[in-house]
1. Say each of Ile262 and Leu6 gets a label point 7 Å from the Cα, pointing the same way as Cα to Cβ; how far apart are those two points in nm?
2. Charges only on Cβ, +1 for Lys and Arg, -1 for Asp and Glu: so what's the dipole of the chain about the Cα centre, in debye to the nearest 20?
3. Give the accessible area for Lys260 in Å² (nearest 10); use a 1.4 Å probe, count only protein heavy atoms, and leave out ligands, DNA and RNA.
4. Send over the semi-axes of the chain's equivalent ellipsoid, whole angstrom and largest first, taken as the square roots of 5 times the C-alpha gyration tensor eigenvalues.
5. About the Cα centre, and with charges only on the beta carbon of Lys, Arg (+1) and Asp, Glu (-1), how big is the dipole of the range 168-238? Nearest 20 debye, please.
6. For Asp71 and Ile130 in one chain, what is 0.36 nm times their gap in residues minus the Cα-Cα distance, to one decimal in nm?
7. Report the FRET efficiency, 1/(1 + (r/R0)^6), for Ala89 and His226, where r is their Cβ-Cβ distance and R0 is 30 Å, rounded to 0.05.
8. Please give the FRET efficiency for Lys233 paired with Lys193, using the beta carbon to beta carbon distance and R0 = 45 Å, rounded to the nearest 0.05.
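The values are calculated or read from the model by the stated rules, or taken from the named source; none is laboratory data. Just so we're clear, the structure is a prediction, and the values are computed from it rather than from any experiment. Note that each Cβ is placed from the backbone with ideal geometry, even for glycine, and that neighbours are counted across all protein chains shown. Ligands, DNA and RNA are stripped out before the accessible areas are found, and what is left, the full protein with its side chains, is counted by its heavy atoms. Shrake-Rupley method; radii C 1.70, N 1.55, O 1.52, S 1.80 Å.
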Amino acid sequence: MFRTRLISGIVLMAITIALMVYGSYPLFWVIAAISVIGLFELYRAVGMEKTLPAVVGYISSIIIDILILDDAYSYLLMWFVLTLMVLMACYVIAYPKYNSEQMTMLFFGLIYVTVMLSFVFKVRFVANGILYVWLIFIGAWGSDTCAYCVGKLCGKHKLPSKLSPNKTIEGCVGGIVGAALIGFLFALAFFTKNTEYWWKFAAIGGVSSVISQIGDLTASAIKRNHDIKDYGKLIPGHGGILDRFDSVIFTAPVIYYLAKIILGI
C-alpha cells in the first residue's frame, strides 16, 4: 500500500509540476476536467452521478470555468441563475424521483468544486503566477506532509473533532509551521534580494495551512455524512480526485486573495 501510494504520489507531483510550469490552455483544461471528475465523485455520494440533473451540472461546470477564464463575471452570475432554474425544473418535473438534499448537492458542487478549483489557473495566469501558484500546493500538500510527519513523531494530544480521530494538535501545529517554513525557503530561493517576500511567503504559507486543514476536515465531514470511506479509486493509494484535492479546493482561492492583498498581484 505504501509503495503504491508513493509511486502514484510521485507521478501526480510530476504531472502537477509539468502543468504548472507550462500553464496556458493545457492547465486550464486539466483543471476543468478535474472539476468534472470531482463533481462526479461528489454527486455519487448522494446517488446522482448518472442522472440528467448531474449532466446539467457537468456541462455547467465547463461553462463556468470558461466564463471565469474570460473574466466574464456578469455572465457568470446569469449562468448560475440559469443553471439553478434548469435544476429546479428537473426536480419538479421528475418529482418525487429526487429529493431536495440531492438537488442542493448538485448546485453546491459547482461552488465547492468548480469555482474553488478555478483559482488554481487564476493564480497561475497572473504576472509571476509561475511562482505564486506553488503557494497553493505548499499550503495544501506541503502542510499535509509536515502535519503527518510531526503527528507520527510526536503527536500526543488528539483533536477535539470526531472527524479525524488520528489527527493530533501537534500534527496541526507542525503543518502550519512546516508550510510557513517551506514558504520562507521558497521565497529565499526565488526572491534572493527581496527580503520582504521571505516573510510574506512564510505568512501566506502558515495561513493557507490552517485553511487547508479546514478543507481536509470538510471533505471528511461530507464523507461521514454519507457513510463513504473514499470519494473514489482514481488515484491508487490516495482515493479519488476529491480525496487528493480536498485541501487544494480551499487553499487555491485563499492564496489568490492573500497574494492580491499581501503581494499586490
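1. Between Ile262 and Leu6, the label points sit 3.3 nm apart.
2. Once rounded to the nearest 20, the dipole reads 640 debye.
3. 90
4. In descending order the semi-axes read 32, 24, 16 Å.
5. Result for the range 168-238 is approximately 140 debye, rounded to the nearest 20.
6. Details: separation 59, 0.36 × 59 = 21.24 nm, distance 1.96 nm.
Gain in length upon complete extension: 19.3 nm.
7. The calculated FRET efficiency here is 0.75.
8. 0.45
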